[in-house]
Amino acid sequence: MSDTRFSVKDVWTDLPCGKMYAMCGVPSRDVGSNVPLVLVHGLGMSHRYMRPALEIFAADFMTYAVDLPGFGRSEKPARVLNVNALSESLRAWLDANDIARAVFIANSFGCQICAHLAAGEASPVARLVLIAPTIDPDARTVRQQLFRLAMDAPHESPSLMWLAFREYFFVTGFRRAYRTLRIALADHIEERLPHIAAQTLVIRGEHDTLVPEAWGRRVAAMMPHARFVTVEDAAHAINYSAPEAFARVVTPFIESAFVETSLSDEA
């Protein structure tokens, strides 16, 4: 279905690890800002489950939904990339597309990658939205994560289950997804959170079993400039299963980033 408020285009970028794909939503009107939104998917997934959020935001903001190397339509390096390498690839993608600063919106494992990016030197992160950030230290095993995922499934949109099945087994591949899960479990996001200077919104769905409320609140408390929000009647993949409720929470936070950017440009 076409939408006159924005257009969608494919963006392919050559990187050392291969071609990286992004879906770009371009507003039909002049939005008067050069700070785009970058949506970063979770483990085993791709831009496809970020599209409901992209279609809301793209009416007002230049919005990219990236496929990290090894996932979605991007090329799959022979080596499964760890969190640091995926973060470096994302930075290289920004540089190649002349994006100096952006608002990053990440879900699940994508939060771990964006935490690396935001905590590093000369961070390109203008503002940060962490949706259901993993990994809860109280569930740092494969068995615990799979059990929590199974408990979350009934609260998600049924179409997400079919999409996830396709992504894990026919796009990403089970081997790469499993090895990436092991990488995610070994990464301690809590070590980087205190070093993130960007204003951050930590969001958790009311029924999210992967990210308990206590862990979501702890994530926000460990960051210098963060606040925690719960979205009612939502679960882990809020960006897909409850995009309208998600956008109502996130949009004011995003808009304030553009006000700050304008004031900085005028100074």
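Observations
- Of 180, 134, all but one fail to be closer than 24 Å to residue 248 by Cα, of a type in the set (S, T, N, Q) and touching a Leu at 6+ places or on another chain (Cβ under 8 Å); the exception is 134.
- Wholly within region 158-267, helices (runs of 4 or more DSSP H) carrying at least 1 residues that are within 20 Å of residue 58 (Cβ to Cβ) and of a type outside the set (S, T, N, Q): 158-166, 238-241, 243-266
- Enumeration of residues in region 130-141 that are surrounded by fewer than 13 Cβ atoms within 10 Å (Cβ to Cβ) and in a helix (DSSP H, G or I): 137, 138
- Residue in region 170-190 that is of a type in the set (Asp, Glu) and under 25 Å from residue 229 (Cα atoms) present: yes
- For beta carbons closer than 7 Å, sequence separation of 6+ or different chains, a first residue in region 153-171 that is farther than 19 Å from residue 209 by Cβ and a second that is of a type in the set (Ser, Thr, Tyr) and outside any helix (DSSP H, G or I), the qualifying pairs are 167/46; 171/46.
- Filter result (hydrophobic (A, V, I, L, M, F, W, C) and farther than 18 Å from residue 184 by Cβ) within region 152-170: 153, 160, 161, 162, 163, 165, 169, 170
- Any chance residue 45 is modelled with pLDDT of 95 or more, buried (at least 23 other Cβ atoms within 10 Å of the Cβ), within 16 Å of residue 10 (Cα to Cα) and not β-branched (Val, Ile, Thr): no
- Boolean, residue 83 is at pLDDT below 95 and either closer than 25 Å to residue 176 by Cα or touching a Phe, Trp or Tyr at 6+ places or on another chain (Cβ under 9 Å) (or both): no
- Every residue from region 149-164 that is more than 19 Å from the chain's Cα centre (by Cα), of a type outside the set (Gly, Ala, Ser) and under 20 Å from residue 132 (Cα atoms): 151, 154, 155, 158
- Top-ranked residue in region 1-42 [being within 24 Å of residue 117 (Cβ to Cβ) and modelled with pLDDT under 90; ranked as surrounded by the fewest Cβ atoms within 10 Å (Cβ to Cβ)]: 34
- Any strands (runs of 3 or more DSSP E) falling wholly within region 14-68 and containing at least 3 residues that are small (Gly, Ala, Ser): 18-27
- Residue within region 24-37 that is of a type in the set (A, V, I, L, M) and within 23 Å of residue 187 (Cβ to Cβ) present: no
- Taken over region 93-109, residues that are buried (at least 24 other Cβ atoms within 10 Å of the Cβ) and on the phi > 0 side of the Ramachandran plot amount to 1.
- Count of region 75-113 residues which are within 23 Å of residue 243 (Cβ to Cβ), in contact with a Ser or Thr (Cβ under 8 Å, 6 or more places away or on another chain) and part of a helix (DSSP H, G or I): 4
The values are calculated or read from the model by the stated rules, or taken from the named source; none is laboratory data. Note that the coordinates shown come from a computational prediction; the quantities given were computed from them, not determined experimentally. Reconstructed Cβ throughout: ideal geometry from the backbone, glycine too, with neighbour counts over all protein chains shown.
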